[in-house]
Amino acid sequence: MTDNANGTHGAILQDKAPNDGGAIVELRGTGKSYGNVRALHGVDLKVFPSHVTCVLGDNGAGKSTLIKIISGLHQHTEGDLLVDGDPVRFSSPRDALDKGIATVYQDLATVPLMPVWRNFFLGSEMTKGPWPVRRLDIAKMKETADRELRNMGIILDDLERPIGTLSGGQRQCVAIARAVYFGARVLILDEPTAALGVKQSGVVLKYVAAARDRGLGVIFITHNPHHAYMVGDHFSVLRLGTLELSADRSEVGLEELTNHMAGGAELAALKHELAQVRGVDTEELPEEDDLTAPVATAPEGKS
Ligand SMILES: Nc1ncnc2c1ncn2[C@@H]1O[C@H](COP(=O)(O)OP(=O)(O)O)[C@@H](O)[C@H]1O
Ligand SMILES: [Mg+2]
């Protein structure tokens with residue numbers, strides 16, 4: 001294990017800098033079928049360093065399928081997946097990790113009864129001493145985990161605590177700091193705020209921004225447009241497996257994004273029906289006229 005000045009493994013970050021500020025990861029017309037179920041079709045997406053790309057969509061829209069392709073869990077069945085401009089086909093999450101693509105899953109792969117520091121190094125433990133008497137370097141792991149968490153602004157009073165006793169938000173933060181430490185260039189977060197309250201969500205969003213500020217390209221999956229809009233540079237909305245909207249922050253406002261997420265036209269039709277039912281207040285639902293927001297699909301174009 002090598003520590004550089006800022007305490008992270010800089011090797012991957014430095015050796016594999018993307019060509020002329022281009023996308024680290026790109027999907028081009030990418031799709032995936034599970035047997036005869038087409039879960040994803042014709043999706044274009046780019047992930048840039050120091051940018052947060054939000055992928056939004058209702059349940060079943062294809063969000064998890066999309067990140068499973070990028071994280072090496074599933075292979076795409078149409079289009080291309082490019083890393084640093086080169087087409088790739090991952091056969092396992094290890095392949096994706098080797099390219100610096102780290103994924104924090106909703107159910108967090110942690111061992112609840114193990115201490116925080118131990119979870120920080122799970123699967124990549126630090127050791128000391130010559131073979132065959134190598135043993136875990138516990139002091140170094142504790143010290144490093146403590147420093148790395150602090151570097152990200154995460155203050156935990158006791159790293160000996162079983163990670164299972166931390167709040168969901170704190171565990172997400174530890175997972176983000178871990179990915180940063182191990183040199184991730186792309187960080188994929190699958191609905192990190194879905195099960196959290198308002199305050200904890202805010203804390204997680206802060207570390208999403210911290211990871212971005214460290215130069216990572218972040219893919220932030222959520223069905224909450226408010227959370228997306230707090231940190232997002234680009235917004236891709238999936239509906240039934242295809243891109244319904246792909247727009248930079250300058251091209252779309254929170255209200256419009258919310259309408260896209262709410263399923264604009266469907267909601268308006270529903271409003272019309274609900275208006276005929278007594279006791280249902282439809283004031284807050286959008287009018288059909290408000291839902292004619294421009295759809296900017298893949299504004300960057302394909303190159
Ligand atoms: N392993 C699978 N086998 C068959 N169908 C699947 C599988 N995974 C997802 N699907 C289907 O693909 C569609 C998209 O699912 P998913 O990517 O999980 O959406 P989301 O994460 O946005 O809720 C859904 O219709 C879902 O039922
Ligand atoms: Mg999902």
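The values are calculated or read from the model by the stated rules, or taken from the named source; none is laboratory data. Keep in mind it's a predicted model, so treat the numbers as computed, not measured. All Cβ positions, glycine included, derive from the backbone under ideal geometry; neighbour counts span all protein chains shown.
Here are the numbers for this structure:
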quantity	calculated
Count of residues meeting criterion [within 12 Å of ligand 1 (Cβ to nearest atom), surrounded by 17 or more Cβ atoms within 10 Å (Cβ to Cβ) and free of Cβ contacts under 8 Å to residues at least 60 places away in the same chain] in region 59-75	3
Failed criterion for F220 (all others in (1) away from ligand 1 (no atom under 16 Å from the Cβ); (2) under 17 Å from V174 (Cα atoms) hold)	(1)
So V52, is it touching a residue at least 24 places away in the same chain (Cβ under 8 Å) and closer than 27 Å to L254 by Cβ	yes
Residue match in region 77-87 (condition: within 16 Å of ligand 2 (Cβ to nearest atom) and crowded, with 22+ Cβ neighbours inside 10 Å)	no
Of all residues in region 253-273 being at pLDDT below 90, among the small types (G, A, S) and more than 15 Å from ligand 1 (Cβ to nearest atom), the one that is farthest from P192 (Cα to Cα)	A269
Pair list, Cβ under 9 Å, 6 or more apart: region 235-251 residue under 17 Å from D58 (Cβ atoms), other residue among the basic types (K, R)	F235/R249; L238/K63; G241/K32; G241/R38; L245/R239
Flag if L56 is within 20 Å of V208 (Cβ to Cβ) and within 12 Å of ligand 1 (Cβ to nearest atom)	yes
Qualifying residue in region 293-300 (condition: farther than 28 Å from I69 by Cα and modelled with pLDDT under 70)	yes
Within region 206-256, considering residues that are farther than 30 Å from R150 by Cα and β-branched (V, I, T), the one farthest from the chain's Cα centre (by Cα)	V252
When residues of region 76-110 are limited to those that are within 13 Å of ligand 1 (Cβ to nearest atom) and modelled with pLDDT of 95 or more, the one nearest to the chain's Cα centre (by Cα)	H76
Qualifying residue in region 22-35 (condition: at pLDDT below 95, under 28 Å from F121 (Cα atoms) and within 12 Å of ligand 1 (Cβ to nearest atom))	no
Elements of type helices (runs of 4 or more DSSP H) contained in region 35-151, each with 2 or more residues being aromatic (F, W, Y)	116-120
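Yes/no per residue for (1) farther than 14 Å from C54 by Cα; (2) more than 16 Å from ligand 2 (Cβ to nearest atom); (3) of a type in the set (K, R); (4) surrounded by fewer than 18 Cβ atoms within 10 Å (Cβ to Cβ):
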| site | (1), (2), (3), (4) |
| --- | --- |
| I138 | yes, yes, no, yes |
| D146 | yes, yes, no, yes |
| L149 | yes, yes, no, no |
| R161 | yes, yes, yes, yes |
| A179 | yes, yes, no, no |
| R185 | yes, yes, yes, no |
| K199 | yes, yes, yes, yes |
| I219 | no, no, no, no |
| P225 | no, yes, no, no |
